[in-house]
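The values are calculated or read from the model by the stated rules, or taken from the named source; none is laboratory data. This is a predicted model, so every value here is computed, not measured. FYI the Cβ positions are ideal-geometry reconstructions off the backbone, even for glycines, and counts take in every protein chain you see.
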C-alpha cells in the first residue's frame, strides 16, 4: 500500500488534488485508517492517478474524468476525441475574440500589419470560388464584399448574401497576427485581374493586410485596397462539421449532368413566396444512393430525404466549384446543403434550404 504522498509524487497530482478526487468519488483510496484518517492506495491505483492527472491537464470535466477511470479504453479514446474538438472550437473562438479586441484597440499599423506569401494561382482560384456568393443588397453593406480571414497557415476567403455562403482557402507563409479584412467586391475583382494577368511572370503574390485594408504585390505590380468599415457576420456557426456530427449523406454527383439538368429548367416544384410563384429544385435520393431531381408528381414516402433549394443558386455553386465530380452533403430538409470538391475540405459553398 502507498501513502498519499507517494502517490502524489509518482502520479503528478498534488496531495490536495488527490483529496479532492477522493471526495468527488473519482479516485477513492483502497483504505482509510479509521483512527488517523491516513489514505492508502494500491499499486494499481497509481496508474489511475496518472490517468487522472493527464485528463486534468487537458481540461476534461470532473464527471468525464470519473467516467474515464472506470471505462474501457475505447470509451476513454472517445472522451479524448470529444475534448480535442472542444479545445479546437475554443481556440477558434478565442482567435475570433482576439481579432475583435484588436479592432477596438488603436494600434500603429506599421507594426501591426500581417504579411503573407501565397501561390498566385491558388489565390486566384479561391477568389473565383467565392465571388458568386457576394451580396448586392445596399441595406446589408457588410455582405457586399469578400472577407479575407488570415490564420496561422494562410487565408480563408468568405462571401455570403444570407441565402448562400462560399468559403475557400489559400495556404501560405504568414508573418504577423491573425487579421480579418473585408474588401469591397470591385477591389476583389481588380485583384483577380491582377492575379490572372498572363503577362505576369511569377508564381507568388505578396499580401500585406491590416484591419483597414490590403496591399498586394505581384511581381512589382501593386494594388492598394481600402477595407469596408462594416463588421462581417460570424460565419463559423454555419460551417459544416465533420466527424460524428457530420452530414447524414455525402453524395458524389456528376457535376456536368446536374448542371445540365438545372440549365434545362427541370424538374421543379412551384411554391408561393411573398405572393409570387417560386420554382424550387428538390433534391432526393434515387436507387443506389444516387442523387435525383424530384418533380411534383414523383412519389415519395414521409421518411424520404428531400431538400429544396434555389436551382439558380445551386448552378452558381456548381460552376464556381468546377470539376466533373462534386460532393453534396445532405443532412435534413431544414439544414444547409453543402457543395464541395472531393478531397478538398478547405473550399465549399452552402445553400440555405427552402422549406417544402
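Do we find that residue 167 is in contact (Cβ under 8 Å) with a residue 40 or more places away in the chain and not assigned by TED's automatic domain parsing to the domain that holds residue 339 in this structure?
Numbers: in contact (Cβ under 8 Å) with a residue 40 or more places away in the chain: yes; not assigned by TED's automatic domain parsing to the domain that holds residue 339: yes.
The answer is yes for residue 167.
Run residue 290 past the list (1) within 30 Å of residue 168 (Cβ to Cβ); (2) at pLDDT 85 or above; (3) surrounded by fewer than 16 Cβ atoms within 10 Å (Cβ to Cβ) and report the number of the one that doesn't hold.
So residue 290 meets the others, but not (2).
In region 327-339, how many residues are at pLDDT 90 or above and surrounded by fewer than 22 Cβ atoms within 10 Å (Cβ to Cβ)?
Residues in region 327-339 being at pLDDT 90 or above and surrounded by fewer than 22 Cβ atoms within 10 Å (Cβ to Cβ): 1 in total.
With the requirement that a residue be touching a strand residue (DSSP E or B) at 6+ places or on another chain (Cβ under 6 Å) and either at pLDDT 95 or above or within 20 Å of residue 225 (Cβ to Cβ) (or both), what does region 144-164 give you?
Across region 144-164, the qualifying residues are 145, 146, 147, 148, 149, 150, 154, 155, 156, 157, 158, 159.
Here is a list: 267, 247. Which entry is in a loop (DSSP other than H, G, I, E, B), surrounded by 13 or more Cβ atoms within 10 Å (Cβ to Cβ), under 22 Å from the mean Cα position of the chain (by Cα) and modelled with pLDDT under 90? Show your work before the answer.
Numbers: 267 fails: under 22 Å from the mean Cα position of the chain (by Cα).
It is 247.
Confirm whether residue 309 is under 23 Å from the mean Cα position of the chain (by Cα) and without any contact (Cβ under 8 Å) to a residue 40 or more places away in the chain. Lay out the reasoning, then the answer.
Values: under 23 Å from the mean Cα position of the chain (by Cα): yes; without any contact (Cβ under 8 Å) to a residue 40 or more places away in the chain: no.
No; evaluated as a whole, the condition is false for this residue.
Which members of region 340-353 meet the condition of being surrounded by fewer than 21 Cβ atoms within 10 Å (Cβ to Cβ) and in contact (Cβ under 8 Å) with a residue 40 or more places away in the chain? It would help to see each step written out before you state the result.
Looking only at region 340-353, we keep the residues that are surrounded by fewer than 21 Cβ atoms within 10 Å (Cβ to Cβ), and these are 341-346, 352.
Selection gives 342, 345, 346, 352.
Among 58, 7, 69, which is in contact with a helix residue (DSSP H, G or I) (Cβ under 7 Å, 6 or more places away or on another chain), under 30 Å from residue 237 (Cβ atoms) and in contact (Cβ under 8 Å) with a residue 24 or more places away in the chain?
Values: 7 fails: under 30 Å from residue 237 (Cβ atoms); 69 fails: under 30 Å from residue 237 (Cβ atoms).
Of 58, 7, 69, the one residue that is in contact with a helix residue (DSSP H, G or I) (Cβ under 7 Å, 6 or more places away or on another chain), under 30 Å from residue 237 (Cβ atoms) and in contact (Cβ under 8 Å) with a residue 24 or more places away in the chain is 58.
Looking at 50, 70, 39, which one is crowded, with 16+ Cβ neighbours inside 10 Å, more than 30 Å from residue 210 (Cβ to Cβ) and more than 21 Å from the chain's Cα centre (by Cα)?
Result: 39 is the single residue among 50, 70, 39 that is crowded, with 16+ Cβ neighbours inside 10 Å, more than 30 Å from residue 210 (Cβ to Cβ) and more than 21 Å from the chain's Cα centre (by Cα).
Looking only at strands (runs of 3 or more DSSP E) that fall completely inside region 107-209, which ones have 3 or more residues that are surrounded by 21 or more Cβ atoms within 10 Å (Cβ to Cβ) and at negative phi?
Working: elements: 114-119, 145-150, 154-160, 164-175, 179-184.
Hits in region 107-209: 145-150, 154-160, 164-175, 179-184.
Quickly run through region 289-328 and pick out the residues that are over 22 Å from residue 352 (Cβ atoms) and in contact with a helix residue (DSSP H, G or I) (Cβ under 7 Å, 6 or more places away or on another chain).
323, 324, 325
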